[in-house]
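Novice: Just dropping this structure here.
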There are 2 protein chains.
Amino acid sequence: MNETASPRSEAKAVRRQALLDAAAALFAAQGFAGVSLDDLGAAVGVSGPAIYRHFSGKQAVLGALLVGVSEELLTGGSRAAGLAPGGEADDGGTSLRALVAFHVDFALSKPDVIRVQDRDFTSLSPEDQNAVRTLQLAYVDVWVEALRRLQPEASRAELRLRAQAVFGLINSTPHSVGRTRRDGGRVPAAPARKLLESMALAALTAPSATPSS
Amino acid sequence: MNETASPRSEAKAVRRQALLDAAAALFAAQGFAGVSLDDLGAAVGVSGPAIYRHFSGKQAVLGALLVGVSEELLTGGSRAAGLAPGGEADDGGTSLRALVAFHVDFALSKPDVIRVQDRDFTSLSPEDQNAVRTLQLAYVDVWVEALRRLQPEASRAELRLRAQAVFGLINSTPHSVGRTRRDGGRVPAAPARKLLESMALAALTAPSATPSS
DNA sequence: CTGATCAGTTAGTGACGATTAACTGAAAAC
DNA sequence: GTTTTCAGTTAATCGTCACTAACTGATCAG
């Protein structure tokens, strides 16, 4: 189908991606420190130091993983926020709904990476920490700009807090939604999506001061 | 002041508590695996294996810490939910407001422990995992019962998801609220409390199906 | 007083795990 | 066809811990 016309040494790209996928699953399950390079290698059928053919070290695997997600979130979020059909002049509500839908979808489809991102951030190299932090701040800013069109009077700090809190709400999903089929007592993914979107929008537009006592 | 009349070997209780406090701070900052027993000992002024006088091992420190919080949350939450002045027959709204206030307060005053609880849960011994899980389920149930009085038609699974999502919202606080004085660009703790309560209540009472659109 | 108890201390010990070294075999280059 | 190149392999190396052993000094009981 979409062969990128690269030589057969694109098997390397496949291997690399397999390693990143396995890393996401293993790190999510056992934490960065709880996974050995032998474990990671075994998960993709090679064993041990073969990983050094693809990454400069264990930390670099984590770095590639998390910088990757952060970029995905930023570009996806920017696209979603810009999707307002009426151009830049809408009231922000459309952008916000698109952002919420995008983020819920992301969290439901890639729970592992979400988990690793706010669990093992501190295991990144300082450089990667900066890169991820910068991307995350930019992503938050996309949300803040959408929120500002709805609540121009609110401080940026408040809107940032709102965005972060809603990320927490949505990202809590991995803990609560049944990961595979045959779940017990958990809400299946499809209805969960709608419920989470409704909760997120309610939280984003909740009054700043509690109205009635 | 309140000397419990125990012999001077209550210095041991003090040391033990100091170890738990230090463990909360260190584990929150660097993760369970990222903290050595030497680190932990040094943080309270003793060094290394002295910890074995107080705990049977590193894992036991984590266990005591997390089982402790889980109990605190359950008893505190039960008390808050029962505080409805009109007895058991109120509409649930009062209980819910009390629960939200309690949880927000807890998350703002002990962010470290919150962080450790959903980050290093898997480093617990299987027995402690069970203990913590059981306590957490009971705590969720307190919320679910309060919610049921407001939304009797909703399934328990949905209410559980709502409760979990709101925990995520509130617990995201540690990442966003300035930990100490002299914060930069972050919302100070007092206004943050009110805002988080408002957002949490809005999310808890958001409609199940997105209304307009 | 005197002996037990017990919080601490300083040296091991034993695993485990990241990284490196030295090699191998097959595909790609020429 | 020969020679690089390079993904992989197995066998060290080297640090870092959790945990144990052996010992010490103070407090507490009698």
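The values are calculated or read from the model by the stated rules, or taken from the named source; none is laboratory data. These figures come from a predicted structure and were not determined experimentally. All Cβ positions, glycine included, derive from the backbone under ideal geometry; neighbour counts span all protein chains shown. Surface accessibility is based on the protein's heavy atoms, side chains included, excluding ligands, DNA and RNA. Shrake-Rupley method; radii C 1.70, N 1.55, O 1.52, S 1.80 Å.
Novice: Given the options A:Ala23, A:Ala192, A:Ala33, state which has the largest fluctuation in a GNM of chain A using a 10 Å cut-off (strictly under) for Cα springs.
Specialist: A:Ala33
Novice: Mind telling me which of B:Arg186, B:Arg149, B:Arg133 comes out most flexible in a GNM of chain B, alpha-carbon contacts under 10 Å?
Specialist: Looking only at B:Arg186, B:Arg149, B:Arg133, the biggest GNM fluctuation is shown by B:Arg186.
Novice: Let me ask something else. Mind listing the phi-derived Karplus ³J(HN,Hα) values for segment A:127-137, rounded to whole Hz, using 6.51, -1.76 and 1.60 with θ = phi - 60°, and x for any glycine or proline?
Specialist: Taking θ as phi minus 60°, the curve returns 4, 5, 4, 4, 4, 5, 4, 4, 5, 5, 4 Hz for segment A:127-137.
Novice: Dipole size in debye (nearest 20) for chain A around its Cα centre, Lys and Arg Cβ +1, Asp and Glu Cβ -1?
Specialist: 500
Novice: Copy-to-copy spacing for A:Leu137, label 7 Å out on the Cα-to-C-beta vector, in nm, shortest first?
Specialist: 4.4
Novice: Considering only Cα-Cα distances, which of the following residue pairs are longer than 23 Å: B:Lys110/B:Lys194; A:Lys194/B:Lys194; A:Lys110/B:Lys58; A:Lys58/B:Lys58?
Specialist: A:Lys194/B:Lys194; A:Lys110/B:Lys58; A:Lys58/B:Lys58
Novice: Springs between alpha-carbon pairs under 10 angstrom, Gaussian network model over chain A: which of A:Ile114, A:Ile51, A:Ile170 fluctuates most?
Specialist: A:Ile51
Novice: Considering every residue in B:189-202, what mean count of other chain Cβ atoms within 10 Å of its Cβ is obtained?
Specialist: Counting Cβ atoms of other protein chains within 10 Å of each residue's Cβ and averaging gives 5.
Novice: Taking amide H atoms as placed 1.01 Å from N in the peptide plane, list the residues 5 or more away in sequence, or in a different chain, whose amide H sits under 5 Å from that of B:Gln151.
Specialist: Under 5 Å from the amide H of B:Gln151: no residue qualifies.
Novice: Can you give the translational diffusion coefficient of chain B in µm²/s, computed by Stokes-Einstein from the Kirkwood radius over Cα pairs at 10 °C and 1.306 mPa s?
Specialist: Translational D for this selection: 83 µm²/s.
Novice: Relative to the other copies, what are the label-point distances for B:Glu153, with labels 7 Å from Cα along the C-beta vector, expressed in nm at one decimal and sorted shortest first?
Specialist: Those separations, rounded to one decimal, come out as 3.4 nm.
Novice: In degrees from 0 to 90, rounded to the nearest 10, what is the angle of the helix A:189-204 Cα long axis to the longest principal axis of chain A?
Specialist: 50
Novice: So what's the net charge close to B:Arg79: Lys and Arg +1, Asp and Glu -1, counting the other residues with Cβ under 13 Å from its Cβ?
Specialist: -3
Novice: Here is a follow-up. Which order do A:His175, A:His54 take when ranked by solvent-accessible area (1.4 Å probe, heavy atoms of all protein chains), largest first?
Specialist: Ranked from most to least accessible, the order is A:His175, A:His54.
Novice: Measuring nothing but label to label, 7 Å from Cα along Cα→Cβ, what are A:Asp21's distances to the other copies in nm, shortest first?
Specialist: For A:Asp21, the other copies' label points sit at 4.9 nm, shortest first.
Novice: Give me Rg/Rg_expected for segment B:69-175, where Rg uses Cα atoms only and Rg_expected = 2.2 N^0.38 Å with N residues.
Specialist: 1.08
Novice: Compute the semi-axes of the equivalent ellipsoid of the protein assembly as shown, taking the square root of 5 times each eigenvalue of the Cα gyration tensor, and list them largest first in whole Å.
Specialist: Gyration-tensor ellipsoid for the protein assembly as shown: 34, 33, 20 Å.
Novice: I've got another one for you. Scan around B:Ser36 for amide H atoms under 5 Å from its own, H built in the peptide plane at 1.01 Å from N, and keep only partners 5 or more places away or cross-chain.
Specialist: The list, which skips near neighbours in sequence, is empty: none.
Novice: Calculated FRET efficiency, A:Arg186 and A:Ala13, Cβ-Cβ r, R0 25 Å, to nearest 0.05?
Specialist: Given R0 = 25 Å and the Cβ-Cβ separation, E is 0.10.
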